[in-house]
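Every number in this text was worked out from the coordinates using simple rules, so none of it is lab data. Given the structure is predicted, the values throughout are model-derived calculations rather than measurements. Glycine also receives a Cβ, built like all others from the backbone with ideal geometry; neighbour counts cover every protein chain displayed.
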Amino acid sequence: MTLHRINRLQDSIEAGQIVYITNLTNIRYLTGFTGSNAALMVSDVDATLATDSRYEIQARKQVPDLETVIGRNFPELLLRSTKKSEVVVEGAHLSVGAFQTLVTTFEHKFTTNIGLVETLRVTKDDSEVALIRAAAEIATNAFQDTVKTIKPGQTEKSIRNSLEIRMRELGADEVAFETIVASGPNSATPHHEPTDREISNGDLLKIDFGAKVDGYHSDCTRTLIVGKPAQWQIDLHSAVSRAQAAGRDLIHEGIQYKAVEDEVRRSLSDSGYEKYFTHGLGHGVGLEIHEEPFFGRTGDAKIATNTVVTIEPGAYLQSKGGVRVEDTIVVGSQGYENLTNLPYELIEL
């Protein structure tokens, strides 16, 4: 049961204030409920879950210590019987029409907040880290098994299929996201969708993959070479690997996100590849594959202990090929733990 997470939320709720939560990922985080239709009302002293009759048994089982009400009209179920109060709704997850319906139907004062629960989700508890670690272990083991089978003539799609099948064989509930397999010039596209292109000698092969275990994700990228690498490929891969290591070596509790990204970009600038790094350095990983915090959006914020993030610099040379090196790490007081602990050398297939 995750009542301690509700308690964390309640610490930020004032007396006479209610938080009305409709985002299913946030509901799962706070309660453990995994149904596809629900709302949650949390005050400073109690909490109530609402869902429909399809999930009544599931809700009683997954959330036994929380009051649960069953029906279809969640606002009526949760708000009608409450005292007139300020109701804070999730501004990023409630439509304008739904918000207007609340305002015109109930006498409460409605306000919006963005990121109230997402901020809590930034720092992971031990059970969350354990699930992400399990997902990372499955994904990296599947990657190592799949790499042994890759040969020239295989298509990007067939490599993707083999890797995803292997992750499920090793215990993944699902893949964390659509696996990226990008070969040759396709590797210069950061989020390339696998095609029927056959890999051949001289191709860079970028593989971005992850597994999902009990709702929690992992994320990792490695770039390989088919056959022997050309010097430009060696230089490119080395530059990105050094930059990624610079970020990992610097990261620890209390450092600014900006300082880590600046260090990575400084390394790429020194090697002449910074202008080819066209996306953010990384993002949080948890119940969503991309969640807060996002490097580049954090301002002067500092990294808290037990924050799980990716560090994923890349450099992409149009029409030639690209390299990305990515790990999922959990930040601690003395540094970090790499959850996707794979070799960094340019693997020759």
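In plain terms, if you count all Cα to Cα distances in the chain and split them into 10 Å steps from zero, the share in each step is 5, 23, 27, 21, 14, 7, 1, 0 percent. Of the complete DSSP H runs in the chain, those spanning 18 angstrom or more by Cα along the long axis with a mean Kyte-Doolittle score not below 0.0 are 126-147. Once backbone amide H atoms are built at 1.01 Å from N, LEU339 has THR328, ILE329, VAL330 as its partners under 5 Å, excluding neighbours fewer than 5 places away on the same chain. Summing charges over all other residues whose Cβ lies under 11 Å from the Cβ of TYR20, with Lys and Arg as +1 and Asp and Glu as -1, gives -2. Spacing of the modelled spin labels on GLN256 and ASP52, each 7 Å from Cα toward Cβ, amounts to 4.9 nm. When the helices of the chain are scored as -39500 (n - 2.57) per DSSP H run of n ≥ 4 and the total is divided over every residue, the value at 222 nm lands at -10000 deg cm²/dmol.
Placing +1 on the Cβ of every Lys and Arg and -1 on the Cβ of every Asp and Glu, with no other charges, gives the chain a dipole of roughly 440 debye about its Cα centre. One quarter of the convex hull surface built on the alpha carbon atoms of the range 1-124 amounts to 7.0 nm², the projected area averaged over directions. Note on the chain: antiparallel DSSP beta bridges, both residues inside, total approximately 75 percent of the bridges counted. Applying both filters, DSSP loop and at most 14 other Cβ atoms within 10 Å, to the GluC sites (Glu not before Pro) of the range 1-109 gives GLU14, GLU107.
Within the listed set LEU339, LEU102, LEU287, the residue fluctuating most in the Gaussian network model of the chain (springs between alpha-carbon atoms under 10 angstrom) is LEU102. Under 5 Å from the amide H of LEU224 lie the amide H atoms of LEU205, LYS206, ILE207, each residue being 5 or more positions distant or on a separate chain, with H modelled from the backbone and absent for Pro and chain starts.
For the range 192-262 versus the range 1-32, the inter-centroid distance based on Cα atoms is 36 Å. GNM remark for the chain: springs join alpha carbons under 10 Å apart, and the peak mean-square fluctuation among PRO293, PRO313, PRO190 falls on PRO190.
Take the Cα of THR119, step 7 Å toward its Cβ, do the same at ALA245, and the gap between the two points is 3.9 nm. For ASP235 and LEU170, the FRET efficiency from 1/(1 + (r/R0)^6), where r spans their Cβ atoms and R0 equals 30 Å, is about 0.30. Counting only Cβ charges, +1 for Lys and Arg and -1 for Asp and Glu, the dipole size of the range 3-121 around its Cα centre is about 260 debye.
Between LYS109 and LEU3, what FRET efficiency follows from the Cβ-Cβ distance if R0 is 35 Å, with the result rounded to 0.05?
0.80
The residue list ILE165, LEU102, LEU120 was ranked by how far each Cα lies along the charge dipole of the range 62-219 toward its positive end, using unit charges on Cβ atoms, and LEU102 comes out on top. One way to sum up the overall shape of the range 184-291 is the equivalent ellipsoid from its Cα gyration tensor, whose semi-axes run 25, 21, 11 Å, largest first. Over the range 133-193, all Cα pairs binned in 10 Å intervals from 0 give whole-percent P(r) values of 22, 52, 25, 1, listed from short to long.
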